[in-house]
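Working notes for the structure below.
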Amino acid sequence: MLIFSEAYEHPTQASQVRINVYEEPPMPNPPGIDTPTTGGGYLVTEERIGTTKVIATLGFFDRKEDAQARARRRIEELKAQLYRPVPAAA
C-alpha cells in the first residue's frame, strides 16, 4: 500500500521523478513451513517518468521511520540537483 509519494521536476528536463514509500504486509507462510519467510516492511522507490517509466529500488526497511528517512535523503539529493516539487493540480 502506498503511504507516501512526492513528485519533482527539473527546470530543463522533460521528465518527472517521483519518490514513493510502500508498506508491504507480512506474507503468509507456504504450507509446511513453520518459520516466517517475510515479515513485511517498507519499500522505497524512485520513478523516472518520461517517454517511458523507469523504477529504481532505493531500499527495503523493517521500520517506517528508516524508509521515510531514506526517502527524505533522496529528496534532498534531487533538490541539490535543482529539482523542485511538482505543483498540485488545481
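Normalising by the residue count of the chain, find the relative contact order in percent from Cα pairs under 8 Å and 6+ residues apart.
Over the chain, the number comes to 28 percent.
Can you tell me how much longer the chain between T12 and R48 gets when fully stretched, taken as 0.36 nm per residue apart minus their C-alpha distance, in nm with one decimal?
Extra length available between T12 and R48 comes to 11.5 nm.
Place a +1 charge on the Cβ of each Lys and Arg in region 1-83 and a -1 charge on the Cβ of each Asp and Glu, then give the dipole magnitude about the Cα centre in debye, rounded to the nearest 20.
For region 1-83, the charge dipole is close to 260 debye.
Between D62 and A80, 0.36 nm times their residue separation minus their Cα-Cα distance comes to what?
Numbers: separation 18, 0.36 × 18 = 6.48 nm, distance 2.78 nm.
Full extension from D62 to A80 adds 3.7 nm.
Taking a temperature of 25 °C and a viscosity of 0.890 mPa s, what whole-number D in µm²/s does Stokes-Einstein yield for the chain with Rh from Kirkwood over alpha carbon pairs?
D, rounded to a whole number, is 169 µm²/s.
Choose one answer from I19, I75, I49: the residue with the largest mean-square fluctuation in a GNM of the chain with alpha-carbon springs under 10 Å.
I49
The numbers here are math on the coordinates, done by the rules we state, and not lab data. Computed from a predicted model, the values in this text were never measured in an experiment. Neighbour counts are summed over all protein chains in view; Cβ atoms, including those assigned to glycine, are modelled from backbone coordinates with ideal geometry.
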